[in-house]
Amino acid sequence: MRNLGASARLPGAGLATVTTTLIPYAETLLAKSQELISRGEFNIATVVAHMACELAAERAISRTLANRNLTDLENAITGFVSGYNLASERHRNLYNALSGRTIHEQPFWQAFKESAKRRNAAVHKGASVTKKQAEDTQRAATELVTYLNQ
């Protein structure tokens, strides 16, 4: 979350100040996922939480490329991947290599991997997600997004 402020002198009105808070899209999706859990929509909550993870991974990879002065290679590098699901070994290896981090060694990793399996079963096989499983997904996704935003 980031706060932005601006001030302007308006003729006849004096000084006006506006402050707005920008909420990154991944956090908005996580909030939507939590809302879906509270409404009992566990499958879609799980899918939305994983959308947040993929978006955060995409942005983390873009930031890493920029930090390494490789923005001119971004389209070429990302053209080789078909998504940003870090549960996929190929995508995780790309992230780890570019960032110099080892995401799969983080405490949340096993819960995230289990959640990715749940998400895939729900999307591709029509499996049902329980409330506890959706809440577990929410926690793992939130921890992953937080890690990627560091």
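Miscellaneous remarks
- Comparison of Arg39, Arg92 shows that the only residue that is without any contact (Cβ under 8 Å) to a residue 60 or more places away in the chain and either surrounded by 14 or more Cβ atoms within 10 Å (Cβ to Cβ) or under 17 Å from the mean Cα position of the chain (by Cα) (or both) is Arg92.
- The residues in the stretch 63-82 that are under 20 Å from the mean Cα position of the chain (by Cα) and at positive phi can be counted, and the count is 0.
- Residue that is surrounded by the most Cβ atoms within 10 Å (Cβ to Cβ) [pool: residues in the stretch 110-150 that are in contact with a His (Cβ under 8 Å, 6 or more places away or on another chain) and farther than 15 Å from Glu41 by Cβ]: Ala141
No value in this document is a laboratory result; all are computed from the given coordinates. The model shown is predicted, which means the values in this text are computed figures rather than measured ones. Every residue, glycine among them, receives a Cβ derived from its backbone with ideal geometry; neighbour counts consider all protein chains shown.
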